[in-house]
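One structure is given below, encoded as structure tokens.
Read-outs throughout are calculated quantities, based only on the coordinates presented, and are distinct from any laboratory measurement. These numbers were taken from a predicted model, which means no experiment stands behind them. Cβ atoms come from the backbone with ideal geometry, glycine included; neighbour counts cover every protein chain shown.
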Amino acid sequence: MSYGFIMPKQIFYGEGALEQAASSVTGCGNRALIVTDPVMVKLQNVKAVTEILEKDGVGYVIFDGVTGEPTDKMVEAGKKIWDSEKCDFLIAVGGGSPIDTMKAIGVVAAWGGSINDWYGKEIMGELPPMIAVPTTSGTGSEATQFTIITNTEADIKMLLKGRNLMPDIAVDDPRFTMTAPPAITAATGLDALCHAAEAYTSRKAQPMTDTLAVSAVKRIFRYLPVCYSQGEEREARMQMSLAALEAGIAFNNASVTVIHGMSRPIGALFHVPHGVSNAMLLPGCFEYVYREAADRFADLGRAIGVADKETGDMEAAERFIRACRELCRSCHIPTPEEYGIEREKFMAMIPKMTEDALASGSPANTRKPLSKEDIAGIYRSLLA
């Protein structure tokens, strides 16, 4: 059996990665649109990038209008600046939201129209050069061919795909993650855990993604608790940055499964950050599906040391899921009601969320076949 595998053309990672990437970054064009958010500007993370551009005489303009999870309106606003400023390449500085917004701006910059026009279609054709500088350890968007944009009229988080959505350059410099507060550290780190564990247990898993996924899971269980409680610990931040990159490459090639499929509708309808909604679902989803992939979940249990080769697959799998539940608890992940979602409103939206989850295609990658009733039941269990 043969497999395909794609990743960014260039990856720079570790301390000093931005400086190492400088000549590659400045060689991408003459005027950059920097896609970011106001916090990244305030923390001077954007300044670190603009200093490199200025040193080589490359022009830039900053679009800091990514003020939450990316929407079609943010993409439209960024495209207007791209046009008016005559930019020719893109740099994202921030978490998954600026990176996903950058990708979508690249699509409409190349092809015009609205990003909503691409829902349900594969994005083909050349896009402007794109550089991703993540400032959280979680989304892995710097190494994927996906972007998630909310269609504000339809209240749908659109999963858009195309190999040219892959950034040309990924710069994973852990210094940018040092300022992430504990709640962001937890949510993004657990997002990375979902990426890695879903990739490993996906129907589309392959040997190369398995290697990266297992490595990421081991790093996350070892280093996320440290980053959460001791955010200034540089080695832990570096290891989580690498784990997020590994997990991103893994799920880019093996796909995600039920957690991500069910998470997107919660985010779209109740405005829950992506990593938080994933973490809400993580233990319950895995508990529901693990029996049909017990050997795969068991491998992860053995990898993190909660089981060994003498432990049977079913027991090892169950221990892994208990470890996931405990990690979510120690990171203080809320239930939907604790987050502030009204029980009645959540229950009323379960039919729509179920339809949207299945329409995304991600649940179909789960080794256990899942029906509408299965998905709806998992949603209801979040309120138990």
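Using the number of other C-beta atoms within 10 angstrom as an exposure proxy, rank 74, 124, 314 with the fewest first. Don't skip to the end; give the middle numbers.
Working: 74 27, 124 10, 314 14.
Going from sparsest to densest Cβ surroundings: 124, 314, 74.
Are there trypsin sites (Lys or Arg not before Pro) in segment 47-91 that DSSP marks as loop and that have at most 11 other Cβ atoms within 10 Å, and which are they?
Here the sparse-neighbourhood loop sites are 86.
Rounded, prolate or oblate for segment 205-290? Axes are the square roots of the Cα gyration tensor eigenvalues, ordered a ≥ b ≥ c, and the cut-off for rounded is a/c under 1.5.
Oblate shape, in that a/c is at least 1.5 and b/c is the bigger or equal ratio.
Taking the chain as a Gaussian network, where each spring joins two C-alpha atoms under 10 Å apart, which residue of 95, 106, 231 fluctuates the most?
231
Can you pull the Rg over Rh of segment 321-384, Cα-only, Kirkwood? Spell out each step's value before the answer.
On the way: Rg = 13.3 Å, Rh = 13.2 Å.
Looking at segment 321-384, the ratio lands at 1.01.
Relative contact order for the chain: what percent, with Cα pairs under 8 Å and sequence separation of 6 or more?
15 percent
What dipole magnitude, in Debye to the nearest 20, does the chain give about its Cα centre under +1 on Lys/Arg Cβ and -1 on Asp/Glu Cβ? Each step should come with its number before you reach the end.
On the way: 38 positive and 48 negative charges, 72 e Å.
Approximately 340 debye in magnitude.
Provide the FRET efficiency to the nearest 0.05 for the residue 295-residue 47 pair, computing r from the beta carbons and using R0 = 56 Å.
For residue 295 and residue 47, the calculated efficiency is 0.70.
Quickly estimate the mean residue ellipticity at 222 nm for the chain, helices only: each DSSP H run with n ≥ 4 gives -39500 (n - 2.57), and the total goes over all residues, rounded to 500.
Counting only the DSSP helices, I get -17500 deg cm²/dmol.
Please give me, ordered by residue number, the GluC sites (Glu not before Pro) of segment 253-348 that lie in loop per DSSP and have at most 10 other Cβ atoms within 10 Å.
The qualifying sites are 310.
Among 135, 71, 335, which one shows the highest mean-square fluctuation when the chain is modelled as a Gaussian network with alpha-carbon springs under 10 Å?
335
Please work out the Cα center distance from segment 84-99 to segment 167-197, rounded to the nearest Å.
Their Cα centres are 18 Å away from one another.
Hey, how many Å between the Cα centroid of segment 100-138 and the Cα centroid of segment 302-317?
Here the answer is 41 Å between Cα centres.
For segment 182-381, what value does the Rg/Rh ratio take when both radii are computed over Cα atoms and Rh is the Kirkwood radius, given to two decimals?
A ratio of 0.95.
Convert each backbone phi in segment 143-153 into a coupling constant with the Karplus relation 6.51 cos²θ - 1.76 cosθ + 1.60 (shift: θ = phi - 60°), then list the ³J(HN,Hα) values in order as whole Hz, x for Gly and Pro.
My calculation for segment 143-153 gives 10, 10, 9, 10, 9, 10, 10, 7, 7, 6, 7 Hz in order.
For the chain, set up a GNM with springs between Cα atoms under 10 Å and report which of 306, 25, 66 has the largest fluctuation.
Of 306, 25, 66, the most mobile in the Gaussian network model is 306.
Pick out, in residue order, every one of the trypsin sites (Lys or Arg not before Pro) in segment 1-42 that is DSSP loop and has at most 12 other C-beta atoms within 10 Å; say none if there are none.
9
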